[in-house]
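Heads up: the structure comes next, in structure tokens.
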Amino acid sequence: MTVATGLAVATEGLTKRFRSGQLAVDGIDLRVPHGAVYGFLGPNGSGKTTTIRMLLGLLRPTAGTASLLGQPMPQGAALALPRVGALVEGPAFHPYLSGWHNLMRLDAADRTARASAAEDRVRGALDRVGLAAAAGKRYRHYSLGMRQRLGIAAALLRPRELLVLDEPTNGLDPQGTREVRGLLVELAGAGTTVVLSSHLLSEVEQVCTHVGVMHRGRLVAQDTLAGLHARGASRAVVGTPRPAVAAAVLDRLGLADVVVHPPGATAELGDHAPQDVVAALVHADVPVTEFRVSGAGLEDLFVSLTGEGFDVNG
Ligand SMILES: Nc1ncnc2c1ncn2[C@@H]1O[C@H](COP(=O)(O)OP(=O)(O)OP(=O)(O)O)[C@@H](O)[C@H]1O
Ligand SMILES: [Mg+2]
């Protein structure tokens, strides 16, 4: 078994085929460096929750391996999990107990925590997610957003090295979403590694340093946010009174899909550095009146990686 050290989360060929025959996760190699805020992005049904459940040892992989904070999962769960805070779909809260009492129960189940400070921990966690005022309300009377907040509070009961949060802003109002984002940035700033799943590109873009994109059980992209931006912003747009010459230069440099488009020319930038392209144009006596790297942008990249349309892949 490979246990990749130096990474907070690592998987090798992680695979889950359900009894129904469905291949929900198809041989993925996740790489989450320590200190990263890793956005696990993908449309509905792409395998995010299934992956997270395997990472946390809640579901046994069909094939492949996973390690969490250097521990193989699920074998090393007892060593790894006390250092991990998690929020996964359908948390086990008691419907007839208040938020406060639910957290007190969860806290009591953690034998490594000092019992005398339990109330402080619970109060602190409820405060951080803005639930102090609703602490005494029964869970079954909580709104979706309040339930989600309580789930995050449970993950924050103790300081953790790693937080694994499955769609943490699901069901939150804009204010709550902003608060949770702020909280994640704050925790990351203090050195906590965060893995959060989301189907919202905008969310991932705002808080993440690294991104993994899931599509039909496969990890179709994994990069730093800056790296993905570079891939998304892929077209060089040249303005010039000599478009044909410019196009010839772009072609000679090896840029793909060169198009003459008076008053200028465009091409796929690919791995070429913009400054090299400009230098080559100038060197070939092309009067450059404009040079721009036009973003197809992350949005388009995400769409091109994940999808045809709005339908989920059942
Ligand atoms: N216990 C299960 N048995 C059979 N199939 C399952 C089970 N859990 C999930 N699946 C299937 O696996 C696929 C991936 O589901 P998963 O919940 O991992 O997706 P997701 O990316 O978390 O989606 P969402 O954004 O909707 O939460 C789906 O097609 C789903 O129907
Ligand atoms: Mg899910």
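Read the figures in this text as sums done on the coordinates, not as results from a lab. Every value quoted in this text rests on a predicted model; they were computed, and no experiment measured them. Every residue, glycine among them, receives a Cβ derived from its backbone with ideal geometry; neighbour counts consider all protein chains shown.
May I ask for the longest run of the chain untouched by chymotrypsin sites (Phe, Trp or Tyr not before Pro) that are loop-located per DSSP and have at most 11 neighbouring C-beta atoms (other than their own) within 10 Å? Provide the component values of the computation, followed by the final result.
Working: sites that count: TYR96, PHE310.
Formally, the longest exposed-site-free interval is 97-309.
For a Förster distance of 51 Å, can you work out the FRET efficiency between the beta-carbons of ALA113 and VAL259, rounded to the nearest 0.05?
Numbers: r = 63 Å, r/R0 = 1.23.
The pair ALA113/VAL259 has a calculated efficiency of 0.25.
Given ALA92, LEU41, GLY151, which one lies farthest toward the positive end of the charge dipole of region 7-229, if we put +1 on the Cβ of every Lys and Arg and -1 on the Cβ of every Asp and Glu?
So the residue furthest toward the plus end is ALA92.
When VAL25, VAL249, VAL185 are ordered from fewest to most other Cβ atoms inside 10 Å of their Cβ, what list results?
On the way: VAL25 30, VAL249 23, VAL185 14.
Ranked by crowding around the Cβ, least crowded first: VAL185, VAL249, VAL25.
Might you report the magnitude of the Cβ-based charge dipole of the chain about its Cα centre, with Lys and Arg at +1 and Asp and Glu at -1, to the nearest 20 debye? Each step should come with its number before you reach the end.
On the way: 30 positive and 29 negative charges, 311 e Å.
Rounded to the nearest 20 debye, it is 1500 debye.
With charges set only on the Cβ (+1 for Lys and Arg, -1 for Asp and Glu), what does the dipole of region 234-294 come to about its Cα centre, in debye to the nearest 20?
Details: 4 positive and 7 negative charges, 29 e Å.
Dipole about the Cα centre, nearest 20: 140 debye.
Taking +1 at the Cβ of each Lys and Arg and -1 at the Cβ of each Asp and Glu, which of LEU183, VAL260, GLN206 sits farthest along the dipole of the chain towards its positive end, judged by Cα position relative to the Cα centre?
LEU183
Can you say what percent of the DSSP beta bridges in region 1-126, counting only those with both residues inside, are antiparallel? Round to 5.
On the way: 14 of 14 bridges.
Roughly 100 percent of the DSSP beta bridges within region 1-126 come out antiparallel.
Only four residue types carry charge here, +1 at the Cβ of Lys and Arg and -1 at the Cβ of Asp and Glu. Report the dipole size of region 75-148 about the Cα centre in Debye, rounded to the nearest 20. Write out the running numbers ahead of the final one.
Details: 11 positive and 6 negative charges, 22 e Å.
Dipole of region 75-148, to the nearest 20 debye: 100 debye.
What ratio of Cα Rg to 2.2 N^0.38 Å holds for the chain? If you can, show how the numbers build up before the last one.
On the way: Rg = 23.7 Å, N = 314, 2.2 N^0.38 = 19.6 Å.
With N residues counted in the chain, Rg over 2.2 N^0.38 Å equals 1.21.
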